[in-house]
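Student: My structure is below; once you've seen it, I'll send some questions.
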Amino acid sequence: MLGFELPDWFLAQGGIAWPLLLCSVITLAVLAERALVLLALPALAPDHVHSAREQCRQPFEARRVRRFSWQQGVDLLRGHRGLSKAQREEVVGVWLLDARHYLQRRLRLLQLVGVLSPMLGLLGTVLGLLGMFAGIAESDVAVTPSVLADGLFQALYSTAWGLMVAIAALGGGQALGLLGTAYIERLQQLLNRCLLLLDGVDDARSGTAAERPLPA
């Protein structure tokens, strides 16, 4: 009816195979989408920090920039140059919070999948073992080690599948979360330098002066 036959290892798991398949699809889709979001973000190299410092000194001009990029953060500060220091810090804090939520969106879904998938796999294994022992009890044929091994082999498919999905969901979600947090921290450091420049403090010059030895 579907035009193709499902593999034997999939059919051996019974009805629990479909929830595990759904968890696998969700995991792959979320990991791919979040990875593309991170790859689309502009880099924050040292030369970009220098460019941001130069732009902070210039008057604000409207331009099209990428969402939650360092250019958008710099433009946000330049556009609110007339506000007080506390108000500018509040504006930047809200913008950084929105950026953090944007980068960590759907990662909680991966955590949910990572918790549910091994439980579903274990449930499939238990149901498979119950079916195997029920069939053995109703059979008049002598039970051999090969029969038990074949039944256990098929029942353990679910546990192995659930564990693989959990590893991908939890490991991939943690990795994406760490990368997003590292980007936000670098972005916050860059914007803090811009805030200092707007207040008339050049952190590069002050740091150079601090490292200069005092006269005797």
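Student: Given a Förster distance of 22 Å, report the FRET efficiency between GLU33 and GLN189 from their Cβ-Cβ distance, rounded to the nearest 0.05. Before the final figure, lay out the partial values.
Tutor: On the way: r = 27 Å, r/R0 = 1.23.
Between GLU33 and GLN189 the formula returns 0.20.
Student: Hey, in the chain, which Cys have no second cysteine's beta-carbon closer than 4.7 Å?
Tutor: Flagged as lacking a Cys partner: CYS23.
Student: Further, regarding this structure: If r is the Cβ-Cβ distance from HIS101 to VAL201 and R0 is 41 Å, what FRET efficiency results, to the nearest 0.05?
Tutor: Efficiency, rounded to the nearest 0.05: 0.85.
Student: Hey, another quick one. Take the alpha-carbon positions of the chain, form their convex hull, and give its projected area averaged over all directions (one quarter of the hull surface) in nm².
Tutor: That works out to 21.6 nm².
Student: Among the complete DSSP H segments of the chain, which ones combine at least 20 Å of alpha-carbon extent along their axis with a mean Kyte-Doolittle hydropathy of 1.6 or more?
Tutor: Taking the DSSP H segments of the chain (at least 20 Å long, mean hydropathy at least 1.6), we get 17-40, 107-138.
Student: What accessible area per residue comes out for the chain, rounded to a whole number of Å², with a 1.4 Å probe?
Tutor: The answer is 63 Å² per residue.
Student: How big is the C-alpha Rg of the range 51-142 next to the rule-of-thumb value 2.2 N^0.38 Å, as a ratio?
Tutor: Dividing the Cα Rg of the range 51-142 by 2.2 N^0.38 Å gives 2.32.
Student: Simple spin-label model, 7 Å along Cα-to-Cβ: GLN58 to GLU138 in nm?
Tutor: Rounded to a tenth, the inter-label distance reads 7.8 nm.
Student: To one decimal place, what orientation-averaged projected area in nm² is obtained for the convex hull of the Cα set of the range 93-163?
Tutor: For the Cα atoms of the range 93-163, the hull's average projected area reads 5.5 nm².
The values are calculated or read from the model by the stated rules, or taken from the named source; none is laboratory data. This structure is a prediction, so every number in the text was calculated from the model and none was measured. Reconstructed Cβ throughout: ideal geometry from the backbone, glycine too, with neighbour counts over all protein chains shown. Remember, those area values only see protein heavy atoms, side chains included, never the ligands or the DNA or RNA. Shrake-Rupley method; radii C 1.70, N 1.55, O 1.52, S 1.80 Å.
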